[in-house]
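See below for the structure under consideration.
The values are calculated or read from the model by the stated rules, or taken from the named source; none is laboratory data. Model, not experiment: these values are computed from the prediction. Neighbour counts run over all protein chains shown; Cβ positions are idealised from the backbone, glycine included.
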Amino acid sequence: MAEVRRTVVVKLDVDDSDATLLHETVEEYLWACNYVVQDAWQDDYKPTSKTELHDRTYSDVREQTRLQANLVQSARNRAAEAIKGVVARWQNGKKASQPHFTTPSVRYDKRSATFHDDHVSLSTVNGRIQAEYVLPPEGDNPQTEYLRDDTYEVTGATLQYRDATDTFYLHIGTKADVESELPDEGDAEHSTVLGVDLGIEQIAVTSTGMFWSGDYLTHRRREYERVRGDLQRTGTESAHRTIERMGDRERRWVNEYLHRISKAIVHEAIAHECDEIAFEELTDIRERMPGAKKFHAWAFRRLYDYVAYKAEAEGIEATQVDPAYTSKRCSKCGTTLDENRRSQAKFCCRKCGYEVHADYNAAKNIGFRRLRAGQKSPHGGATRHLALKSGTLNVNGGYSPATQ
C-alpha cells in the first residue's frame with residue numbers, strides 16, 4: 001500500500017457578510033504570520049523551533065488579534081516554515097531575505113474547519129461561517145475523483161482569495177491508501193515538462209515558444225507612477241485619497257493581467273499534455289535579474305501562484321528549479337559561456353552556433369533542469385520529456401515529433 005495525496009480546488013459560495021468576516025480573518029492571519037517572523041528577526045540567531053516561536057509570540061498574537069487559538073498556531077507554523085527555508089538557504093551559501101506574507105490565504109486544519117460533502121464550516125475572527133461548495137457535475141474531474149470519493153480523507157485546506165474575480169476558493173487536501181503500482185512504460189513516456197522563463201521585456205516565455213510581452217505591464221506601471229508623482233507634489237488631502245484609489249485600481253488590473261497570462265500558460269501545458277510546469281526559483285530574483293524592481297519580483301511571485309493553483313485544478317504540478325546558468329547555457333549542445341548571451345534578447349552559442357531568442361533558450365534550460373532532477377527518482381530519467389514547439393525532447397537528446 002502507498003499513501004497518495006491530492007489537492008482539490010473548490011469555489012465557495014459566500015454571502016457579503018461572511019465574505020467580510022473572511023477578509024478580516026485573512027488580514028489578521030497574515031498580520032500574525034508577519035509578527036512571528038518579525039519577532040524572530042530581532043535576534044542574530046533566527047529561531048525555527050515551533051515551540052520556541054510559540055513561547056515568544058502566542059500570547060501577544062492572541063491579545064492583538066481576534067484569531068482563535070488554532071489559527072494562531074497555524075500562522076505560527078506557516079511562519080516557522082518560511083524561517084526554516086531562509087535559514088536553509090543561508091546554510092547552503094545562498095542569499096535570502098526576511099519573509100513577508102502578502103498573498104491572501106489562510107491555512108485551516110480539522111480543528112479550525114469542519115468539512116462536509118457539500119459545504120465547509122470555517123473559523124473566522126467572529127465565530128464560524130458556513131460556505132457552500134460550487135461543484136461541477138459528477139464526472140471526470142478532481143472534485144469527483146478525490147472529494148466525492150469516500151476512499152479519500154480530507155486532511156485540511158488553504159483558503160485563498162482571488163482578487164481578479166472577487167472569489168474565495170478552498171484548496172482541500174486529501175489522502176488515501178492505495179495499492180502501490182510501478183508506473184508502466186506507457187505512463188512514463190507521457191511524463192512531460194513545460195519550462196517557463198520569467199523576465200522584464202518578456203514577462204513569460206515557455207519552452208513551446210509562447211511569449212507574453214511585459215511592455216503592457218511596464219507601460220501601465222509607468223503611467224501610474226507618473227500620475228502618482230504629480231499628485232504627491234500637489235500634497236492635498238484630495239490628492240492623497242486619489243492616490244489610495246489609484247493603488248486599488250492598479251492592483252486590480254495587474255492581477256487581472258497576470259490571471260490572463262497564468263490561464264494561457266496552463267492551457268499551453270494542457271495542449272502539450274504536460275504534467276509539470278517548471279519555473280525558475282523566485283527567491284532573490286531581483287538580484288539575478290538586471291533592471292528588476294520590487295514590483296517585478298511581486299508580479300513574478302503572484303504569476304507563479306496563479307499558475308500553481310490553476311494547474312493544480314487540472315492535475316498538473318507547478319515546480320521551481322535552480323536557475324543557475326540557464327541564461328548562458330546552450331539548450332542545444334550544453335555549452336555554458338558568458339559570451340553565449342549576446343544581449344538581453346539574443347542568444348548565440350559560441351560552440352555550435354545555435355541562435356535563438358535568449359528567453360526561449362532559458363525556458364528550455366529550465367525545463368531540462370527539471371528533467372535532470374527527475375533522473376534522481378527510480379522511475380525518472382530519459383522517459384521524461386520537455387515540451388517544445390513541435391514535439392518533445394528527452395534528457396538524452398531523443399526527439400519525438402508531435403502527434404498529428
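Quick look at the values:
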item	result
Residue among Phe347, Phe295 that alone is under 22 Å from the mean Cα position of the chain (by Cα) and hydrophobic (A, V, I, L, M, F, W, C)	Phe295
Residues that are within 23 Å of the chain's Cα centre (by Cα), modelled with pLDDT of 70 or more and assigned to a helix (DSSP H, G or I), drawn from segment 213-235	Asp215, Tyr216, Leu217, Thr218
Asn34 within 24 Å of Thr155 (Cβ to Cβ) and either in contact (Cβ under 8 Å) with a residue 60 or more places away in the chain or part of a helix (DSSP H, G or I) (or both)	no
Members of segment 285-296 that are at pLDDT 70 or above and part of a loop (DSSP other than H, G, I, E, B)	Met289, Lys293
Residues within segment 50-81 that are in contact with a strand residue (DSSP E or B) (Cβ under 9 Å, 6 or more places away or on another chain) and of a type in the set (Gly, Ala, Ser), tallied	2
Every residue from segment 162-212 that is at pLDDT 80 or above and among the small types (Gly, Ala, Ser)	Gly173, Ala176, Gly195, Gly199, Ala204, Ser207, Gly209
Yes/no for Lys11 being among the basic types (Lys, Arg), touching a residue at least 60 places away in the same chain (Cβ under 8 Å) and closer than 27 Å to Glu312 by Cβ	yes
Test: residue in segment 314-328 that is part of a helix (DSSP H, G or I), surrounded by fewer than 20 Cβ atoms within 10 Å (Cβ to Cβ) and small (Gly, Ala, Ser)	no
Some residue of segment 256-279 being assigned to a loop (DSSP other than H, G, I, E, B) and buried (at least 21 other Cβ atoms within 10 Å of the Cβ)	yes
Any chance Val134 is more than 22 Å from Arg251 (Cα to Cα), loosely packed, with under 15 Cβ neighbours inside 10 Å and in the same structural domain as Ala75 (by TED's automatic domain parsing)	yes
Residue match in segment 108-126 (condition: surrounded by 15 or more Cβ atoms within 10 Å (Cβ to Cβ), within 23 Å of the chain's Cα centre (by Cα) and of a type in the set (A, V, I, L, M))	no
Selected residue (only one of Thr20, Thr7, Thr48 is in the same structural domain as Phe115 (by TED's automatic domain parsing) and assigned to a loop (DSSP other than H, G, I, E, B))	Thr48
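Conditions tested, residue by residue: (1) in contact (Cβ under 8 Å) with a residue 12 or more places away in the chain; (2) assigned to a helix (DSSP H, G or I); (3) under 30 Å from Glu145 (Cβ atoms).
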| site | (1), (2), (3) |
| --- | --- |
| Leu53 | yes, yes, no |
| Val61 | yes, yes, no |
| Asn70 | yes, yes, yes |
| Gln73 | yes, yes, no |
| Arg78 | yes, yes, yes |
| Arg89 | yes, yes, no |
| Ser97 | yes, no, no |
| Val120 | yes, no, yes |
